[in-house]
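The values are calculated or read from the model by the stated rules, or taken from the named source; none is laboratory data. Keep in mind that this is a model prediction, so the values were computed, not measured. Every residue, glycine among them, receives a Cβ derived from its backbone with ideal geometry; neighbour counts consider all protein chains shown.
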Amino acid sequence: MIELRQLTKRYRDTVAIDGLTFTVRPGHVTGFLGPNGAGKSTTLRMMLGLDRPDRGEVRYDGKTYHQLREPLRHVGALLEAKAVQSSRTAYHHLLWLARTNRIGRARVREVLALVGLESVSSRRAGGFSLGMGQRLGIAAALLGDPQVLLLDEPVNGLDPEGVRWIRTLLRGLAAEGRTVLVSSHLMSEMAITAEHLVVIGRGRLLADTGTDDFIAEHCRPRVLVRTSEPDRLLGALGRAGLTARQEERGAVVVDSAGAEEVGRIAAGAGIALGELAVRAASLEDAFLRLTGDAAQFRAGAFTEGNRHAL
């Protein structure tokens, strides 16, 4: 179990992490989410003793990271896959790490095979592609057969087969009773992989709950309608007290209403519908709704007016 208690980090006048408190429990994959600048990387670095908090602490079953005698056997981490000595081969990179924690050569070969790099183990890591570098980083995280895994964007650069493989791997490790914390911006992947979510914004905890509960709390299903008379439909829906808006290609999206109700209103107004469908609530929609005010960077909308500036 990982416990963060009142973790706080300040850089001059900027508070990067502000009293962050949460617990990551074993037995399921926990997604660690937040917009750019939310403080996820800073938090992970403090969890691994790479940055020192101004206040608060992180403990693994009651011990700080620095109190772990052979940390690779307890906590495996992937923060920056390309942070390797480029002249070393994949095998010798892992062997160097293994020797620092009394891990045998057999385990090095084992994790190379597990991540699919056995055939290129004698190649220099500096020549690896992004996806191969990710696999090497995951191998390093698994090297000590740890009970805790901290992974930052583990599917970055992986092809579809690799994405499915890491998803299956993480679920399998969690099913063995390990503690798995994964930071990612890929909401679609987190929706499939993570059973629990910790969401932060501007260094503060915004949510700590199950994935399904998070989606249900922050986003409801919507009804999508296509018709040749969108203006009339919007008027009829408005008179019925429903919130609706027109999207691109003439589609009308209705919030907080069922398809049956929308269809009944359209029929009552004599409006023919070409399509009437329920758009399921998504983790991406729920995440954006919760973190909209906490986003540090926000791009402008792409319109015909600014198209020529590109």
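A few comments on the model shown:
- Residue within segment 157-176 that is more than 30 Å from Ser282 (Cβ to Cβ) and at pLDDT 95 or above present: no
- Only listed residue being small (Gly, Ala, Ser), surrounded by fewer than 17 Cβ atoms within 10 Å (Cβ to Cβ) and out of contact with any His (no Cβ under 6 Å at 6 or more places or on another chain), chosen from Gly34, Gly27, Gly49, Gly39: Gly27
- Identity of the residue in segment 115-160, surrounded by fewer than 18 Cβ atoms within 10 Å (Cβ to Cβ) and among the hydroxyl-bearing types (Ser, Thr, Tyr), that ends up nearest to Thr193 (Cα to Cα): Ser129
- Of the residues making up segment 245-272, those that are more than 10 Å from Val225 (Cα to Cα), without any contact (Cβ under 8 Å) to a residue 24 or more places away in the chain and not acidic (Asp, Glu) are Arg245, Arg249, Arg264, Ala267, Gly270.
- Total residues in segment 67-103, condition farther than 20 Å from Val115 by Cβ and charged (D, E, K, R): 3
- One residue alone among His92, His74 is surrounded by 13 or more Cβ atoms within 10 Å (Cβ to Cβ), more than 20 Å from Glu153 (Cα to Cα), modelled with pLDDT of 95 or more and under 28 Å from the mean Cα position of the chain (by Cα), and that residue is His74.
- Residue tally, condition loosely packed, with under 15 Cβ neighbours inside 10 Å and hydroxyl-bearing (Ser, Thr, Tyr), over segment 210-238: 1
- Of all residues in segment 171-191 being surrounded by 19 or more Cβ atoms within 10 Å (Cβ to Cβ), over 16 Å from His74 (Cα atoms) and of a type in the set (S, T, N, Q), the one that is farthest from the chain's Cα centre (by Cα): Ser183
- In segment 239-256, residue nearest to Ala272 (Cα to Cα) [restricted to those that are surrounded by fewer than 17 Cβ atoms within 10 Å (Cβ to Cβ) and in contact with a strand residue (DSSP E or B) (Cβ under 7 Å, 6 or more places away or on another chain)]: Gly250
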